[in-house]
1. Mind checking which residues of segment 271-327 are over 23 Å from residue 388 (Cα atoms) and hydrophobic (A, V, I, L, M, F, W, C)?
2. Being touching a Phe, Trp or Tyr at 6+ places or on another chain (Cβ under 8 Å), farther than 26 Å from residue 136 by Cβ and of a type in the set (Phe, Trp, Tyr), is that true of even one residue in segment 324-345?
3. For segment 284-313, what are the residues that are of a type in the set (Val, Ile, Thr) and open to solvent by 60 Å² or more (accessible area, probe 1.4 Å)?
4. Mind checking which residues of segment 292-313 are outside any strand (DSSP E or B) and touching a strand residue (DSSP E or B) at 6+ places or on another chain (Cβ under 6 Å)?
5. Hey, which of the strands (runs of 3 or more DSSP E) in segment 139-246, taking only ones fully inside, have at least 2 residues that are over 26 Å from residue 367 (Cα atoms) and at pLDDT 90 or above?
Amino acid sequence: QGGPMYDQGMGSPMRYDQRGGPGQTMGQTMGSPSGRRGPPPQGGPQGGPQGYGGGYAPGIPAEDNSEELEKQRAYEREAGPKPDTAVSSQQPSQDAKDTTRGRDPPRRQNAAAEESSAPFDMRSLRLHESVHMRDFLNRPTPKEAGVVQCYIKRKKSTFSKMFPEYRVYTKDPDGSSRDLFLMCGKKRSGQKTSNYLISMSEDDLRRNSSNYLGKLRANFVGTEFRVYDNGNNPDDMDDDGDDGTNKAPRQELAVVQYESNVMGSRGPRRMQVGLPRVLDGQRVGAVFQPMTGAKDSMMSKFKKRDFTNMIVAYNKPPRWNDTVGAFVLNFNGRVTMASVKNFQLITHDDQEKVILQFGRVGKDEFTMDFQWPMTPFQAFAITLSSFDSKIACD
């Protein structure tokens, strides 16, 4: 029973649509201005000029202000009839009362609420500019954007099949027929343990490059992974905190733990993830920047169950399905092939909200969907940990 996981809906054939919606599990979708469903923004209140409730100047009794009343009637004759503007000549309208008291009339409040629910426009992130792309990749996804849908292409070289490249793409927000490249990861050769370098360039995978984003590093048996930014290893810096590159000490951005599970004897993979805590709606996480090596590291605290300033996520447990004879999860059509690598991450705070979903759709193609508080870089690094071979887990 430790075999690959299937999509819960695999009883009937499923068509892979890399831009398809993730359904209720993952919420609304960020990708294009029309990606998120909801009522369209409505216009503001109708009637006379601002400050008028639709009949006359607020707070001025009609019987004592015939001149003001005549001016307003002249305005209305010029502007033509307006819906919902009829009021009693003896009592100011509710809109008029609210304006007099310094509050927005209800219709204006409703219009503002409807405008705030407008679909998130990914074009506002200006991802075609390098500086804005880096900012997008390294910061928690905007909460109002909902789910970011991406796909990963694995590129195996003829001469180095052990060290493939993984490239991440998403739909171009500007409507181009070509998908937008986000970042690339590759396992480095000549390392004692698995070590993946992540870059925002398809062709530049050098550590000393300005395109270098960070790395994922594993322990020897593949049960523990650490995610770092592009800063310097504090062990390589002198007492003044300098190694000659003018870079700050590196920050820890995530830790991943897989439960030891030799030959799948304990069923499907089990994983836990630690992320720097992000305040509600914010796009800045807590900082983990140890200067004294493993003792104060994020992984050390995570293993001691010291979750201070951390978000703890874990993979959603799949259910056994007798019909297909396998463990299943509902990927809402975003995953179409069974694999031990497929997973969904949830938190104890909200077990219905999937913050990261990953699964296979082809021989060398995979989908990766994520949302706040995950950063795109964190999401990709965690999925790379699922790609990596694990002596003690498979």
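1. 278, 279, 284, 286, 287, 288, 291, 307, 310, 311, 320, 324
2. Scanning segment 324-345 turns up at least one residue that is touching a Phe, Trp or Tyr at 6+ places or on another chain (Cβ under 8 Å), farther than 26 Å from residue 136 by Cβ and of a type in the set (Phe, Trp, Tyr).
3. Hits for segment 284-313 are 284, 287, 292, 308.
4. 298, 299, 302
5. none
The values are calculated or read from the model by the stated rules, or taken from the named source; none is laboratory data. Remember, predicted model here, so these are calculated numbers, not experimental data. When we count neighbours, we look across all protein chains shown, and the Cβ atoms used for this are built from the backbone with ideal geometry, even at glycine. Accessible surface is based on the protein model in full, side chains and every heavy atom, while ligands, DNA and RNA are left aside. Shrake-Rupley method; radii C 1.70, N 1.55, O 1.52, S 1.80 Å.
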